[in-house]
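K.L.:
Okay, here's the structure, questions in a sec.
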């Protein structure tokens, strides 16, 4: 499962758009066996709004770690069926700058934007 962190590190180092990186990062969490479902909730106007997600919801407990950029929480990384909170936190640290880059959807639901 530590391969998940390496995969996300490579994604973050690419020239891809932030939205593509974040979609691929949550998919890597699922594909790497770290969780059955993973999603990023962005902080927008004091609320958390679901952005990219991957996998299948699981009846297992949801693990949530904050995504912090420069001391400010910009999102949460949530995972159902998460097997390793520490690795999930490492992924959250890696994607912080991408979470900061945009994601103000103007109130339009993520799934309506093709997420």
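K.L.:
From 33, 46, grab the single residue that is over 14 Å from the mean Cα position of the chain (by Cα) and within 16 Å of residue 76 (Cβ to Cβ).
P.N.:
Values: 33 fails: within 16 Å of residue 76 (Cβ to Cβ).
The conditions single out 46.
K.L.:
Checking residue 93 against (1) exposed (fewer than 14 other Cβ atoms within 10 Å of the Cβ); (2) farther than 15 Å from residue 30 by Cα; (3) modelled with pLDDT of 95 or more: exactly one of these is not met. Which one?
P.N.:
Residue 93 satisfies all of (1) exposed (fewer than 14 other Cβ atoms within 10 Å of the Cβ); (2) farther than 15 Å from residue 30 by Cα; (3) modelled with pLDDT of 95 or more except (1).
K.L.:
In this structure, does residue 74 turn out to be under 13 Å from residue 99 (Cα atoms), in a strand (DSSP E or B) and touching a helix residue (DSSP H, G or I) at 6+ places or on another chain (Cβ under 6 Å)?
P.N.:
Spelling it out, residue 74 is indeed under 13 Å from residue 99 (Cα atoms), in a strand (DSSP E or B) and touching a helix residue (DSSP H, G or I) at 6+ places or on another chain (Cβ under 6 Å).
K.L.:
Hey, another quick one. Quick one: which of 48, 22 is under 17 Å from residue 100 (Cβ atoms), in contact with a strand residue (DSSP E or B) (Cβ under 9 Å, 6 or more places away or on another chain) and part of a helix (DSSP H, G or I)? Walk me through how you get there before you give the answer.
P.N.:
Details: 48 fails: part of a helix (DSSP H, G or I).
Checking each option against the conditions leaves just 22.
K.L.:
Which condition breaks for residue 88 when tested against (1) over 13 Å from the mean Cα position of the chain (by Cα); (2) at pLDDT 95 or above?
P.N.:
(1) is the only condition that residue 88 fails.
The values are calculated or read from the model by the stated rules, or taken from the named source; none is laboratory data. Note that the coordinates shown come from a computational prediction; the quantities given were computed from them, not determined experimentally. Note: ideal-geometry Cβ built from the backbone for every residue, glycine included; neighbour counts use all protein chains shown.
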